[in-house]
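**Student:** Shown below is the structure under consideration.
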Amino acid sequence: MLIRVDTSSSEPLFEQIAASVRHLASSGEALAGERLPAARELAESLDVNVHTVLHAYQQLRDEGLIELRRGRGAILTGGATSVADLSKHVDVLVAEARRLGVAPATLTAMITKAYS
């Protein structure tokens, strides 16, 4: 499982870590039941503070993508599989919006309104 961060980016490191895990789940590269690296291990490999990784993991837990289990670490939930399935529909929606010439901001506004 390859999780990366760009230290020169203006995006916070914890958000980059969370986005990387979301991408792995949505692309099917990581599946439900799969373990994420231990927070300390990932922090060392990315050369970031362990609290940065824990912040990302907590955000993913709040989104329902992972479970945090004491002594067992972070595990992708069935929500990760749902995200992968949903990602395919999003790809179709974006392709259709492009075909129709709908601007990304307009599509985002439409999704936000429908989601509310």
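Bear in mind these aren't lab numbers, they're just calculated from the coordinates by the rules spelled out. Just so it is clear, the model here is predicted, and its values are computed rather than measured. Here Cβ is always computed from backbone atoms with ideal geometry, including for glycine, and neighbour counts include all displayed protein chains.
**Student:** For a paramagnetic label modelled at 7 Å from the Cα of A32 toward its Cβ, which residues of the range 48-71 fall within the zone defined by backbone nitrogen distances under 15 Å?
**Tutor:** 64-67
**Student:** For the range 13-83, give the magnitude of the charge dipole about the Cα centre (Cβ charges: +1 Lys/Arg, -1 Asp/Glu; no others), in debye to the nearest 20.
**Tutor:** 280 debye
**Student:** Separate question: Once both labels are modelled 7 Å past Cα along the beta-carbon direction, what's the T7-S82 spacing in nm?
**Tutor:** About 3.8 nm, to one decimal.
**Student:** Let me ask something else about it. Counting only helical runs of four or more DSSP H residues, what would the 222 nm mean residue ellipticity of the chain come to if each run contributes -39,500 (n - 2.57) and the total is spread over all its residues?
**Tutor:** -20000 deg cm²/dmol
**Student:** Determine, from the Cβ-Cβ distance of E63 and V90 and an R0 of 22 Å, the FRET efficiency 1/(1 + (r/R0)^6), rounded to the nearest 0.05.
**Tutor:** The calculated FRET efficiency here is 0.90.
**Student:** Do any trypsin sites (Lys or Arg not before Pro) in the range 36-116 lie in a loop, going by DSSP, with at most 10 other beta-carbon atoms within 10 Å of their beta carbon, and if so which?
**Tutor:** Those satisfying the criteria are R70, R72.
**Student:** Above 17 Å lies some portion of the pair distances; for the chain, what is it as a whole percent of all C-alpha pairs?
**Tutor:** Cα-Cα pairs in the chain separated by more than 17 Å: 60 percent.
**Student:** Test of understanding: what is the full-extension gain from I111 to N49, defined as 0.36 nm times their sequence separation minus their Cα-Cα distance?
**Tutor:** That works out to 18.8 nm of additional length.
**Student:** Give the relative contact order (percent, whole number) for the chain; include only Cα pairs under 8 Å separated by 6+ residues.
**Tutor:** It rounds to 25 percent for the chain.
**Student:** Now a separate question. Taking the dipole about the Cα centre of the chain, with the C-beta of Lys and Arg at +1 and of Asp and Glu at -1, give me whichever of N49, I17, A97 is farthest to the positive side.
**Tutor:** The residue sitting farthest along the positive end of the dipole is A97.
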